[in-house]
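The values are calculated or read from the model by the stated rules, or taken from the named source; none is laboratory data. Fair warning: this is a prediction, and the values are worked out from it, not measured in the lab. Ideal geometry is used to build each Cβ from the backbone, glycine not excepted, and the neighbour counts take in all protein chains shown.
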Amino acid sequence: MYPLLKAFHIAAVVVWVGGMFFAWMVLRPVAASQLDAATRLRLWASVFARFFPWVWASVTAVLASGLWTFLPLGFAHTPHHWHLMLLLGLCMSALFVYVFLRPYASLKAAVAAENWPAGGKALGRIRQLVGVNLILGISTILVATAGSLLG
């Protein structure tokens, strides 16, 4: 059972962190350099509308599968780096929920109203927070893969 759970966990991490990496490192600079504000903001609102359901599924899968691995051992008997992964995962999840509820909602409203300055402000905030979450996600992967070296 554990190998399947671990595979499910890793697949969800790949979708979430890989999607953030693609958005931040590839799509964002191209969209910024080639699209006018209105087109860029409409694009991002549409991209997030398609990506965020996958993130919700990934957050649910990562947290559920991660916590499920703790159960047989109990929290007191799991490796220390698992606790760090859990903490980082909870921080990432909270940050995503905030992005979804606040700046993404503002972006959608601004695009619907064709209020491009407000949309730009919301998109800028999303960009910053996704950057932070991407750093947390990569850090979590490093902890997962090299964490046993920490003791």
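Exactly one residue out of VAL55, VAL59, VAL97, VAL132 is in a helix (DSSP H, G or I), out of contact with any Ser or Thr (no Cβ under 7 Å at 6 or more places or on another chain) and surrounded by 16 or more Cβ atoms within 10 Å (Cβ to Cβ), and it is VAL55. Listed conditions (1) among the charged types (D, E, K, R); (2) touching a residue at least 24 places away in the same chain (Cβ under 8 Å); (3) part of a helix (DSSP H, G or I) are all met by ARG50, apart from (2).
Close contacts from the range 84-106, counting a first residue that is of a type in the set (Val, Ile, Thr) and a second that is part of a helix (DSSP H, G or I), with Cβ to Cβ under 6 Å and a gap of 6+ residues or different chains, come to VAL99/ILE126; VAL99/LEU129.
Filter the range 66-75 down to the residues that are part of a helix (DSSP H, G or I) and either aromatic (Phe, Trp, Tyr) or modelled with pLDDT under 90 (or both), then identify the one that is surrounded by the most Cβ atoms within 10 Å (Cβ to Cβ).
Out of the qualifying residues, it is THR69.
Looking across the range 1-10, the residues that are aliphatic (A, V, I, L, M), free of Cβ contacts under 8 Å to residues at least 12 places away in the same chain and assigned to a helix (DSSP H, G or I) come down to LEU4, ALA7, ILE10.
For the range 78-92, a residue qualifies if it is over 29 Å from ALA37 (Cα atoms) and surrounded by 16 or more Cβ atoms within 10 Å (Cβ to Cβ), and the qualifying residues are THR78, HIS81, TRP82, LEU84, MET85, LEU86, LEU88, GLY89. Applying the set (1) in contact (Cβ under 8 Å) with a residue 12 or more places away in the chain; (2) more than 16 Å from VAL13 (Cα to Cα); (3) in a helix (DSSP H, G or I) to GLU114 leaves exactly one unmet item: (3). Identify, please: which residue in the range 100-129 is in contact with a Pro (Cβ under 6 Å, 6 or more places away or on another chain) and under 19 Å from ASP36 (Cβ atoms) and is, among those, surrounded by the most Cβ atoms within 10 Å (Cβ to Cβ)? For the range 100-129, the residue satisfying everything is ALA122.
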